[in-house]
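*Asks:* Quick one: this structure, given as structure tokens, is what I'll be asking you about.
The values are calculated or read from the model by the stated rules, or taken from the named source; none is laboratory data. Note that the coordinates shown come from a computational prediction; the quantities given were computed from them, not determined experimentally. When the accessible area is computed, the model is the full protein with side chains, heavy atoms only, and any ligands, DNA or RNA have been set aside. Shrake-Rupley method; radii C 1.70, N 1.55, O 1.52, S 1.80 Å.
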Amino acid sequence: MISYAPLMSTLHKKRISKTDLQKLTGMSPSTLAKIGKDEYVALKIIDEICNKLDCNIEDVIVHVKNQAESE
């Protein structure tokens, strides 16, 4: 599972709202909603976020193992 918790932390540190991120990257409202629900988005979007926020991918996403996979 992918979590966008690092993105929320990065946005908070940089004092950027999710709406500002949407405008900055040109992503659609539905893509922003997917991020809010920890759903998959295109890697191109992740790349654009990293470029616009001048950060690394680990500042945007983290992989979290599912319980079923680890057993």
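*Asks:* Put M27, M8, M1 in order of accessible area, largest first, 1.4 Å probe: what do you get? Before the final figure, lay out each step's value.
*Replies:* Values: M27 10, M8 65, M1 90 Å².
Accessible-area ranking of M27, M8, M1, largest first: M1, M8, M27.
*Asks:* So which lysines can K23 reach, going by Cα to Cα under 22 Å and dropping same-chain residues fewer than 8 places off?
*Replies:* Excluding near neighbours in sequence, the set is K13, K14, K34, K37, K44, K52.
*Asks:* For the chain, what relative contact order do you get, as a whole percent, if you take Cα pairs closer than 8 Å and at least 6 residues apart? Spell out each step's value before the answer.
*Replies:* Details: 60 pairs, mean separation 36.9, N = 71.
Relative contact order here is 52 percent.
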